[in-house]
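Q: Here it is, the structure in full.
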Amino acid sequence: MQPDPEILKSLVITRMPFGKYKDYLLCDLPDFYLEWFARQGFPKGKLGMQLQTVHEIKLNGLNDILAKLKQMK
């Protein structure tokens, strides 16, 4: 199963809407912040899915995917 390219694209153009890292691109959020969400629970809805996806990508050492997408935007 291939990842949805629109979801991946959204990770490099969507900004965090709240909190200490408000206005950061989701792909630029620090690992420890994403790990905190993983422990506490990701928000519901689209934002939660996006944060969880960024966390999984970073957790699995696939940051190159985000870097390439960021260059293409």
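Q: Name the single residue, out of those in the range 19-56 being aliphatic (A, V, I, L, M) and out of contact with any Leu (no Cβ under 6 Å at 6 or more places or on another chain), that is farthest from Lys9 (Cα to Cα).
A: Ala38
Q: Another one. Among the listed residues Gln71, Gln50, identify the single one that is on the phi < 0 side of the Ramachandran plot, assigned to a helix (DSSP H, G or I), loosely packed, with under 15 Cβ neighbours inside 10 Å and of a type in the set (S, T, N, Q).
A: Checking each option against the conditions leaves just Gln71.
Q: Report the residue count in the range 27-37 for those that are open to solvent by less than 50 Å² (accessible area, probe 1.4 Å), out of contact with any Pro (no Cβ under 9 Å at 6 or more places or on another chain) and without any contact (Cβ under 8 Å) to a residue 24 or more places away in the chain.
A: Summing the residues that are open to solvent by less than 50 Å² (accessible area, probe 1.4 Å), out of contact with any Pro (no Cβ under 9 Å at 6 or more places or on another chain) and without any contact (Cβ under 8 Å) to a residue 24 or more places away in the chain in the range 27-37 gives 2.
Q: Report, ordered by the first and then the second residue, all pairs with beta carbons closer than 7 Å, sequence separation of six or more or different chains, a first member in the range 1-23 that is within 15 Å of Lys46 (Cα to Cα) and open to solvent by 90 Å² or more (accessible area, probe 1.4 Å), and a second member that is assigned to a loop (DSSP other than H, G, I, E, B) and at pLDDT 95 or above.
A: As it stands, the answer is Arg15/Asp23; Arg15/Tyr24, since those pairs meet every condition given.
Q: Pairs needed: first member in the range 52-73, of a type in the set (Lys, Arg); second member anywhere, modelled with pLDDT of 95 or more and not in a helix (DSSP H, G or I); C-beta distance under 8 Å; at least 6 residues apart or different chains.
A: Lys70/Val12; Lys70/Leu25; Lys73/Val12; Lys73/Ile13
The values are calculated or read from the model by the stated rules, or taken from the named source; none is laboratory data. Bear in mind the structure is a predicted one, so any value in this text is a computation, not a measurement. All Cβ positions, glycine included, derive from the backbone under ideal geometry; neighbour counts span all protein chains shown. Please note that ligands, DNA and RNA were not included when accessible areas were found on the heavy atoms of the full protein model with its side chains. Shrake-Rupley method; radii C 1.70, N 1.55, O 1.52, S 1.80 Å.
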